[in-house]
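Worksheet: the structure to be examined is printed underneath.
What follows is calculated from the coordinates using simple rules that are stated; it is not laboratory data. Treat the numbers as computed from the prediction; the structure is a model and nothing was measured. Don't worry about glycine lacking a Cβ; one is built from the backbone with ideal geometry, like all the others, and counts go over all protein chains shown.
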Amino acid sequence: MRLAEGTANAGPVLSVRGLKVAFAVADRHVPVVRGVDFDVYQNEVLCIVGESGSGKSVTSLAVTGLLPETARVEGSITLGGVEVNGAGRDALRRMRGEDVGFVFQDPGTTLNPVLKVGRQITEGQVALSRLRPAEAEGRAVELLRDVDIADPEQRVRQYPHQFSGGMRQRAVIAMAIAGQPKLIIADEPTTALDVTVQAQVLSVLARRQAEMRAAVVLITHDLGVVAQVADRVAVMYGGRIVETGPVEAIFRSPRHPYTRALLRSIPRMDTDEVRLDPIPGQPPMPHALPAGCAFEPRCALGSGRPRCREEEPPLSTVASEQNAACHFVDEAPPAPKVHAMARPKMAEAEAPPLLDVKGLKVHFPIKSSVLQRTTGWVRAVDGVDISVRAGETLSLVGESGCGKTTIGRTVMGLVQATAGDIRFDGQSMVRLGPADKRKARRRMQYIFQDPYSSLNPVLPAEDIVAEPLRIHGLYDEMGGAERVAELFDMVGLSRSMLSRYPSEFSGGQRQRIGIARALILAPRLVILDEPVAALDVSIQAQILNLLQDLQAELGLSYLFIAHNLSVVRHISDRVAVMYLGRIVEQGTRDELYSNPVHPYTQSLLSAAPDPDPAARHSSRRIVLEGEIPSPAAPPSGCVFHPRCFRADARCCAEVPAFRPYPGLATWTACHHAGPLEQNPAALAEVSR
Amino acid sequence: MNRAWNSTLWLLSGLMARPASAAALLFLAAMVIVSLFADLLPIDPFAQRLTDALKGPSAANWFGTDELGRDIFARVIYGARTSLSTAAAAVVIAASVGIPVGLVAGFFGDWRDTVLMRFIDVLLALPAILFAMALIAVLGRSQMAAFIAVGITGIPNFARITRARVLSLRKSDFVTAVEAFGGSSGYNMFRTILPNAWSPILVQVVVLCSVAILLEAALAFLGVGVAPPTPSWGEMLRTGKSYLYEAPYYAVLPGVILTLTILSFDVIGRALASLLEDRHDAGGVQIERTAS
Amino acid sequence: MIGFVLRRLVQLVPVLLIASLGIWAILYAVPGGPVAGLVGENATPEQIAAVTAQYGLDRPVVVQYLDWLRRAAVGDLGVSIYASEPVVDLIGQRLPATLHLAVAATLVALALGIPVGVISAISPGSWIDRALSAWSALALGVPTFWLGILLILWFAVDLRWLPAVSGYVPIWEEPLTAIRNLLLPAITLGVYVSGILARFLRASLVSELRADYVRTARAKGLPERQVVGIHIMRNALLPFITIVGLMMASFIGGAVVTEAVFTYPGLGRLLIQAISTRDYPLIQGCIVVILILYVAINLAVDVLYAYVDPRIDYG
């Protein structure tokens, strides 16, 4: 793509050679980036992918000298032919303002909360005398319009807290392109955003980049995003690039064992794999790297081989424009294991459900800060029916603020229901006294999203796992220490780790402790709140497999709460899609993914980036307008109508009923429900 | 128990590793020992010899003598008793009221929070010294009155610091987890939250020691502290100030000891805060690995 | 904005009510109570009864409190027993002196505290940071009354430059004399507070330096001067306003010790006298006035804060 447009003789915009970064920690230097080479050309998007600790973000910061002073940077970085490493303060500053635009990860913190957005967008250009102060506001308005922000004249005078998350990130993009830079560096630009907003932001970024013919370095862990936007890909592992090449080649014929393993470990929307193929072990810590190839301990090909253990492989050409750093790059990978595991049989539909939620409403009062008066209500959950049968997995999927977590917490009894009934095993939970509630809770357990904050840091792992037993006074009755040790075996933790504290475990291991704790009382229902969202891709697959094994072995029912559509597709029997406190569509997994009938489900599925570069040319994409409204002031009628491509006058006035969709085993709440193909006119309008 | 012991060792070794906090720790240890065993020393803070009044420092009287010919050095040593015992009593009073108040207010966050914190606000609105004076005016001058007055003025700090910590822990998943498993509020407050809240509380204990010593001295300086002839540093400064022209050492030397004591607590408090903060940065409890 | 101020004012009412009730309860619930202070130790029961009746102390405590409250609401705080003058007048004479000292000490504290805090925050861990942090520790650790004594020893006893006893001279009448009188007490009080301010400012600057928006500001090519001077300072100064306000408020009544060292005729010393003579109406009056001033300054700070911080919605 890049050479085809007549820029063949132009040199790279950014050229990095032998980049090494080490951080001074205590009295030694910890290498975080260990010899990285890459080039980016005009109008080209280079994606750097890697898991946490791979050195990808540090690489991007080193390129513009933004690392803290404790970092030691070696190697050569040339931007437009000028050396950056070792450049003077003023030269660096000029370069950042004129040649490079930056987009950072968290739009919530990258803007200064006490300065007006318009000022922040242009002040860099004003400081470098590239823009006269009198023209700054006009330019800021123009830039905000360029990134699709409505009413920019008003918006430039507002403060960041008056912007929504997606708008803030677009303002950051406006700031990045303010100087018409040659290079844009985007560090996980959409990780903190919802999937429909991510689609908007990526599309804005792509349009502006194409207009300016800027080079882009995009850092991400999301292979879906890579497949959608990259021209070339660099895969980082343990502080080095282990494979690089054109995006099609990386996804079609990956040559490095890590790239292959990574692609196989992610759940996908386009296949019905029964089981994921995780990468064993943990990514290496920068201060404890193996002597040879950093991937050797986890590698299917090289694990245990003396050469891999002793000698670090150089990055060498393996195909046209494709390089990989592996000693045995020509060796065929061992065939992936065939998993002949049957899914647990679905429980009979006639059997009464284990969990039955009817007409659930959860409203939180909004208190004024001054006199503690209730000034309004947040309708977090506003009339929801769900049921989970014995042995099945029901997933609640939706974007942030849709109320899915609140449902989980209400079922668990952590939040008081405003209206409706929750029946567990035939018994209503809503009006139980405290003692009965405690007893009922024994059969229902919860697994949290964040493995770092869900374990009490001052207790050893064995006490954390045993805590539910102690609280219920069942420690001796249920087997005490031996029971705890059994659970450790069950979740794949070594018994030698029993007395360690949470800080000594990795994220994946902590999540295993959380699972062990949830299972120790032998529950029948487990509520899982985004259990893999905080984990690296390769670890995510391990945990998902573990959850499936445990379900089969113990006959558990799962209420699985998630935002990641591929993960949900992988693990669920049935799926309920939520929007703004309501369920908009519910059906069996296969039905819902292959024949979605609600416009929101359709746009959600279309917005989720597919880890397949071919998909970006073939599939039409629905980019929803706007963002999720506040649940404190939901729109009238159908809550989705302001963003919906099928909405008409009826949708504004009349709340659609939740009812079965004729001909499918799906329930939906939409006046105009129907498969996407039936609406070609509407679709053409929304796809750009 | 083993854990608490390890933590103590780890903190002590951390304090001893820094020159400033090591010096402060040794100075305070010396003060505590000397004031505990002052009776065994060949000094007498009460013996008056009017002929020797207001004599400068000498081999017999290291810090000189006061207006009644009493040995100032002996009075400084016995004054340490007054100061340190006030500090200890104040910490006990302030912590035993302030910590539960902060815990309950922060944990429940409902009307209990509003009511308790309103009272704390009122306590804070009056400068500590005025509050203590008013209280002593009512209770009469005595050691116990000083303890209570200084102790009560320390309550708001404990309550607020505990509450702030509880609020930040309250929403953590590991606290919610205990709730989800059916643990009671009491279990959660005392078994889950409190063990995670002790580091800011510990820092506050040290801070309050220095504040209490300063306040006790200030009360005595204003003439409402412990009743004479019990030696008190503040009382010595008060009397010494009347003899600035004849005997400047009288007001200066006890002040040096008072300042060193307050500075030592301050240095230790800050060293503790930074030690505990570093530990949190390193990801939770590192104590076990470092100490074992 | 006006609505915000009004709501804040309304909120103050319960604080003041609880506080005045608390003071009342403490002073009157104690055995002996005000009567003992009024009649002296050797009073006969008849004298006690007479005085009790004269001051209306035989009425139920609640009635007494409500009566006091009713009169206090219209500015009548009673008559001092010792000086036989209206409490309001006595306080009115001392208030200007107290305000003079409070303003002077605040100026000293800001002039010393801000540079120390900013300079040590710019290069955390350097020798200059360590030296300035040690200075702040010293400023905080040296008791004000001892520092006052040392200053008197040096500037009044040794050098004879400044008076050892500071009287009150209004600055608009004799500016030079006023400054000579205020200098030592203001330094004594200001140095201590500058330690608090420097420490606080350093801590908030250092934590702001690590914020993400600082990296953003650098990434767009802003000179370091603007990054620190505008981006960081605006954020760090917001909480600083609160601290300065709290300090000023504490000077109103909390300068008792400094006033005692320099025998300065402020509100604090009036209160000490009142306490030592058990002059109950005066004690109550002083404390109530100090509380009102404290609360008023806090309100001013809150309003200023809401005005300066765009994130606070005072609608």
Within 10 Å of the Cβ of an average residue in C:251-263, the count of other chain Cβ atoms is 3
For C:I128 and C:W172 in the same chain, what is the full-extension length gain: residue separation times 0.36 nm, less their Cα-Cα distance, in nm?
11.8 nm
Using the Kyte-Doolittle scale, find the helices of chain C whose mean hydropathy is at least 0.5 and whose Cα atoms extend 27 Å or more along the helix's long axis, counting only whole DSSP H runs.
C:2-29, C:87-122, C:175-209, C:233-254, C:280-308
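With all distinct Cα pairs included, what does the Kirkwood hydrodynamic radius of chain C come out to in Å, to one decimal, could you say?
One over the average 1/r among Cα pairs gives 22.5 Å for chain C.
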Ranking A:D277, A:D529 by Cβ neighbours within 10 Å, fewest first, what do you get?
A:D277, A:D529
Pull out the extension gain between A:V30 and A:E83, defined as 0.36 nm times the separation in residues minus the alpha carbon to alpha carbon distance; nm, one decimal.
16.6 nm
Over segment A:388-572: Rg over Rh, Cα atoms, Kirkwood Rh:
0.95
Highest GNM mean-square fluctuation, chain C, Cα pairs closer than 10 Å: which of C:L69, C:L21, C:L176?
C:L176
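Which chymotrypsin sites (Phe, Trp or Tyr not before Pro) from segment C:171-217 combine a DSSP loop assignment with at most 14 other Cβ atoms within 10 Å?
C:W172
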If you put +1 on each Lys and Arg Cβ and -1 on each Asp and Glu Cβ, how big is the dipole of the protein assembly as shown around its Cα centre, in Debye rounded to 20?
340 debye
Using modelled backbone amide H atoms (1.01 Å from N, in-plane), which distant-in-sequence or interchain residues come within less than 5 Å of A:I185's amide H?
A:G101, A:F102, A:V103, A:V217
Can you tell me the orientation of helix B:19-36 relative to chain B, as the angle in degrees between its alpha-carbon axis and the longest Cα principal axis, to the nearest 10?
60 degrees
Using the Cα centre of the protein assembly as shown as origin and beta-carbon charges of +1 (Lys, Arg) and -1 (Asp, Glu), tell me which of A:P152, A:Q445, C:S126 is placed farthest towards the positive end of the dipole.
A:P152
Arrange the following residues from fewest to most other Cβ atoms within 10 Å of their Cβ: A:M497, A:M285, A:M429.
A:M285, A:M497, A:M429
Over the protein assembly as shown, volume per residue of the alpha carbon convex hull, in Å³:
221 Å³
Could you work out the relative contact order of chain B, using alpha carbon pairs under 8 angstrom and six or more residues apart, expressed as a whole percent?
25 percent
Once every DSSP H run of n ≥ 4 in chain A is given -39500 (n - 2.57) and the sum is divided by its residues, what mean residue ellipticity at 222 nm do you get, rounded to the nearest 500 deg cm²/dmol?
-9000 deg cm²/dmol
Let me have the relative contact order for chain A, percent, based on Cα pairs under 8 Å that are six or more residues apart.
12 percent
FRET E, pair A:Q180, C:V308, Förster distance 56 Å, beta-carbon r, rounded to 0.05:
0.95
Place +1 on the Cβ of every Lys and Arg and -1 on the Cβ of every Asp and Glu in segment A:141-284, take the dipole about the Cα centre, and give the residue among A:G238, A:F163, A:M175 whose Cα lies farthest towards its positive end.
A:G238
What net charge is computed for the residues neighbouring A:K358, neighbours being all others with C-beta under 12 Å from the C-beta of A:K358, Lys and Arg scored +1, Asp and Glu -1?
-1
Roughly how far apart, in whole Å, are the Cα centres of segment A:195-244 and segment C:61-127?
61 Å
Degrees, to the nearest 10: B:111-125 long Cα axis against longest axis of chain B
20 degrees
Charge-dipole axis of chain A as Lys and Arg at +1 and Asp and Glu at -1 on Cβ define it, positive-most pick from A:S265, A:I515, A:V318
A:I515
Relative exposure of A:D610, A:D27, B:D39, A:D385, judged by other C-beta atoms within 10 Å (fewest first):
A:D27, B:D39, A:D385, A:D610
Between exposed chymotrypsin sites (Phe, Trp or Tyr not before Pro) in chain B, where DSSP calls loop and at most 13 other Cβ atoms lie within 10 Å, what's the longest gap?
B:47-244
Work out how far the C-alpha atoms of segment B:22-164 reach from end to end along every principal axis, then list the three figures in whole Å, largest first.
66, 38, 21
Cα convex hull of chain A: mean projected area in nm², to one decimal?
33.4 nm²
Looking only at the protein assembly as shown, where both bridge partners belong to it, what percent of the DSSP beta bridges are antiparallel (to the nearest 5)?
65 percent
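Can you tell me the convex hull volume per residue for segment A:440-489, based on C-alpha atoms, in Å³ to the nearest whole number?
Cα convex hull per residue, to the nearest whole number: 96 Å³.
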Given Cα positions, please report Rg to Rh for segment A:529-688, the hydrodynamic radius being the Kirkwood one.
0.99
Which loop GluC sites (Glu not before Pro) in segment A:1-103, with loop taken from DSSP, have no more than 16 other Cβ atoms within 10 angstrom of their Cβ?
A:E69
List the relative contact order of chain C as a percent without decimals, with contacts defined as Cα pairs under 8 Å and 6+ residues apart.
25 percent
From the P(r) of segment C:223-281, can you give the percent of Cα pairs sitting at distances over 19 Å?
55 percent
Once the other residues with Cβ under 14 Å from the Cβ of C:Y65 are scored (Lys, Arg +1; Asp, Glu -1), what is the net sum?
+2
Take the cross-link list A:K116/A:K182; A:K20/A:K116; A:K404/B:K171 and give me the ones stretching past 29 Å between alpha-carbons.
A:K20/A:K116
Expressed in angstrom and ordered largest first, the alpha-carbon extents of segment B:18-283 along the principal axes are 77, 44, 31
